[in-house]
Amino acid sequence: MIMTMSIDEAERPTEWLRRLEEDGDLWRRLLADAGSFTRAAWRLAHARCRAQALPSRVPTDRELRAAATDLAGRTGERSPAPVALADECRIAGLPVLAPPVSPRAA
């Protein structure tokens, strides 16, 4: 499924995020346009990353989970488990930075 991003979301993420906060209906529209909860959460996390003082194009696992929590709270939808979010992003080809794996103590 192809995700349709608005011009603001793609080129002016700060303005898009502001509009999202101002208009509660846009959360449902984001969910519908994205085609899945995970894709909508990734788009939200992606926009937030690009709007930071030190922008990034790839959200972290933590940023994706925070976006999913916010999206669930605004839409009343249930967020997938964190592992499912990461797996669904991987399957969809949406990049997410995973937390570093620490070596086990011997």
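Where a number appears in this text, it was derived from the coordinates with a stated rule and is not lab data. Note that the structure is predicted; figures quoted are calculated from it, not measured. Neighbour counts run over all protein chains shown; Cβ positions are idealised from the backbone, glycine included.
Restricting to region 1-32, name every residue that is acidic (Asp, Glu) and touching a helix residue (DSSP H, G or I) at 6+ places or on another chain (Cβ under 8 Å). Matches in region 1-32: Asp8, Glu9, Glu15. The number of residues in region 57-75 being under 25 Å from Asp23 (Cβ atoms) and either aliphatic (A, V, I, L, M) or touching a His at 6+ places or on another chain (Cβ under 6 Å) (or both) comes to 7.
On the given criteria, is Arg78 more than 12 Å from the chain's Cα centre (by Cα), more than 19 Å from Glu22 (Cα to Cα) and charged (D, E, K, R)? It would help to see each step written out before you state the result.
Working: more than 12 Å from the chain's Cα centre (by Cα): yes; more than 19 Å from Glu22 (Cα to Cα): yes; charged (D, E, K, R): yes.
The answer is yes for Arg78.
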